[in-house]
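The values are calculated or read from the model by the stated rules, or taken from the named source; none is laboratory data. Computed from a prediction, not measured in an experiment: that's the story for all the values here. Neighbour counts are summed over all protein chains in view; Cβ atoms, including those assigned to glycine, are modelled from backbone coordinates with ideal geometry. Surface areas here come from the heavy atoms of the whole protein model, side chains and all, with no ligands, DNA or RNA. Shrake-Rupley method; radii C 1.70, N 1.55, O 1.52, S 1.80 Å.
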Amino acid sequence: MNAIVARILDWLGFGSHAAHHHGDHGPHGHSHGVIDATIATTDRGIWAIKWSFVILAITAALQMVVVALSGSVALLADTIHNIGDATTAIPLWIAFVLARRKPSRIFTYGLGRVEDLAGIIIVLIILFSAVVAAYQAIDRLINPQAVTHLGWLTAAGIVGFLGNEAVAVFRIRVGREINSAALIADGYHARTDGLTSLAVVIGAIGVWFGFSLADPIVGLLITIAIFGIVWQSARSVLTRMLDGIEPGVIDEIRHAAEHVPGARIVDAKARWIGHRLHADIAIAADETLPLSAANKIAAALKDELSQHMPALAEANVRFSTERGENGHPHEHTHDHGHMH
């Protein structure tokens, strides 16, 4: 039973799997492969955004026709949310396009963080759709209206679920491939919207059995579900904006270092810039080693990191005489560069 509950939570984006996406891990906790170039991952993201926008636009258009025929406030709330979900593709597309620009003298790390800004805009769009849906549902509770064309209403709810689930699978899969928190959050948003479309079907069944308030009540439940995804998405995006990372990232760095003789990590830091990971690593220095040997250790560590962490765009490895992580390391003046 616990396994089933865990799978359901993960499907909704609240499980442990949804929280850790720093790489495609195999049975031993890591994978070996070639690092994707930034331009390749952004192209992949733009491709996913375009097709998900087309699917949601068609879904919303079909639902709007049924809203006009049936007068269902639950379906109206769901359609508004679908339109908002399609709209979120615009800031994401802009972010991926800007992320392809090369670093400049002003933006020395490039414009990868625009993706985080797009994530905030997405959260605000979802929040706006929740407020609109809540207003419509409360108004219909106070001023009840007849709901007609229940067969078409049921069909529209099923179409909404299928369209949103297709987009959710699409966005989450590509988001995990390119390590985009914004795209993954948007995918779970679409999945929740698909479930609210099924709720519209439940409302139609309630009206069919003579419970006229079933439609606005379901509309209100949809609103609560939307607020839930607002919280989940905001937490994910804000964590990245504040340079937060998944705990498994540092564990993966240490695991990579275990494969390199002489690379004992003193301190390790990492942060996401867009959907690319940047790491800063200090390893213990053996002052008896010649510079050439130290450079070989640093190069071996960077190579091992690239094999373990496909999302890694850059790793800066330096040497330190500090023996522990809690003090202030005394670094050697030799900077062993970064890895692309």
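In angstroms, what radius of gyration and Dmax does the stretch 188-264 have, counting Cα atoms only?
22.3, 75
Please provide three numbers in whole Å: the alpha-carbon extents of the stretch 238-291 along the principal axes, with the largest listed first.
Cα spread of the stretch 238-291 along its principal axes, largest to smallest: 44, 18, 15 Å.
Once the convex hull of the C-alpha atoms of the stretch 65-149 is built, how many Å³ does it hold per residue, rounded to a whole number? Provide the component values of the computation, followed by the final result.
Values: hull volume 6.4 nm³, N = 85.
Per residue, the Cα convex hull of the stretch 65-149 comes to 76 Å³.
Which value results when the Cα radius of gyration for the stretch 142-234 is divided by 2.2 N^0.38 Å? Can you show the working numbers first?
Working: Rg = 15.3 Å, N = 93, 2.2 N^0.38 = 12.3 Å.
Dividing the Cα Rg of the stretch 142-234 by 2.2 N^0.38 Å gives 1.24.
Give a residue-ordered list of calculated ³J(HN,Hα) values for the stretch 131-141 (Karplus: 6.51 cos²θ - 1.76 cosθ + 1.60, θ = phi - 60°; whole Hz; x for Gly, Pro).
After applying 6.51 cos²θ - 1.76 cosθ + 1.60, I find 5, 4, 5, 5, 4, 5, 5, 5, 4, 6, 5 Hz.
If R0 is 41 Å, what FRET efficiency do you get for residue 269 and residue 61 from their C-beta distance, rounded to 0.05?
On the way: r = 48 Å, r/R0 = 1.16.
The computed FRET efficiency comes out at 0.30.
Restricting things to alpha carbons, find the Rg to Rh ratio for the stretch 157-202 using the Kirkwood radius for Rh. It would help to have the intermediate numbers written out before the result.
On the way: Rg = 11.0 Å, Rh = 10.3 Å.
My calculation puts Rg/Rh at 1.07.
Please list the three semi-axes, largest first and in whole Å, of the ellipsoid equivalent to the stretch 143-297, using sqrt of 5 times the eigenvalues of its alpha carbon gyration tensor. Before the final figure, lay out each step's value.
Working: eigenvalues 577, 38, 19 Å².
Computed over the stretch 143-297, the values are 54, 14, 10 Å.
Using a simple charge model, +1 on the beta-carbon of Lys and Arg, -1 on the beta-carbon of Asp and Glu, nothing else, what dipole does the stretch 100-207 show about its Cα centre, in debye to the nearest 20? Could you put the intermediate results ahead of the total?
On the way: 10 positive and 7 negative charges, 119 e Å.
For the stretch 100-207, the charge dipole is close to 580 debye.
Please list the non-local residues whose amide H lies under 5 Å from the amide H of residue 273, H modeled 1.01 Å from N, same-chain partners needing a gap of 5 or more.
Answer set, sorted by chain and number: 278.
May I ask for the net charge around residue 136, where only other residues with Cβ less than 11 Å from the Cβ of residue 136 are counted and Lys, Arg are +1 while Asp, Glu are -1?
Working: positive: 140; negative: 78, 139, 215.
Net local charge, residue 136 excluded: -2.
Using alpha-carbon positions, what is the distance between the centroids of the stretch 105-173 and the stretch 235-283, in Å?
Cα centroid to Cα centroid, the span is 33 Å.
Accessible area per residue of the stretch 143-214 at 1.4 Å probe, in Å²? The partial results should precede the final answer.
Numbers: 2830 Å² over 72 residues.
Result: 39 Å² of accessible area for each residue.
Using the Kirkwood radius built from alpha carbon pairs, what does the Stokes-Einstein equation give as D for the stretch 119-176 at 25 °C and 0.890 mPa s, in µm² per second?
Values: Rh = 14.2 Å.
Result for D is 173 µm²/s.
Please compute the Cα-Cα pair-distance distribution of the stretch 40-94 with 5 Å bins starting at 0, giving whole percents from short to long.
Taking all Cα pairs of the stretch 40-94, the binned fractions are 4, 21, 25, 18, 13, 9, 6, 3, 1, 0 percent.
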